[in-house]
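**Student:** The structure under discussion is supplied below as structure tokens; questions concerning it will follow.
The values are calculated or read from the model by the stated rules, or taken from the named source; none is laboratory data. Not measured: the values here are computed from a predicted model. Neighbour counts are summed over all protein chains in view; Cβ atoms, including those assigned to glycine, are modelled from backbone coordinates with ideal geometry.
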Amino acid sequence: MAPKTTSSPEDSEVLTVVTGPRGTSYECPDLATLDRHLTTLCARIRQATPQFPSLARAFRDDIDVLLDRRRWLELTSA
């Protein structure tokens, strides 16, 4: 998920925010921050499984979006 290109100052913050399918926003200005979000979501999946399978699925969906952002950051920082 590549961020939108924009030139207005207010929108420049949007370039670092990833929004998951459920509307959860993750501030991801760099790989280290993004990796912390991924680690947190993995821990939440372990806690939610098997009692709350729909919640675990939602966390996995957020991870998918964050992995897209991670790939984009890797490509643009090289």
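**Student:** If Gln51 satisfies every condition in (1) surrounded by 12 or more Cβ atoms within 10 Å (Cβ to Cβ); (2) not in a helix (DSSP H, G or I) but one, which is the exception?
**Tutor:** (1)
**Student:** Any residue in the stretch 18-32 that's surrounded by 15 or more Cβ atoms within 10 Å (Cβ to Cβ): show its pairings with residues that are in a loop (DSSP other than H, G, I, E, B) at Cβ separation under 6 Å, as long as the two are six or more apart or on different chains.
**Tutor:** So the pair list comes out as Val18/Cys28.
**Student:** Kindly establish whether Thr76 is at pLDDT 95 or above and either hydroxyl-bearing (Ser, Thr, Tyr) or touching a Cys at 6+ places or on another chain (Cβ under 8 Å) (or both).
**Tutor:** No; evaluated as a whole, the condition is false for this residue.
**Student:** State whether the residues of the stretch 57-75 include one that is touching a helix residue (DSSP H, G or I) at 6+ places or on another chain (Cβ under 9 Å), acidic (Asp, Glu), over 20 Å from Ser25 (Cβ atoms) and assigned to a helix (DSSP H, G or I).
**Tutor:** yes
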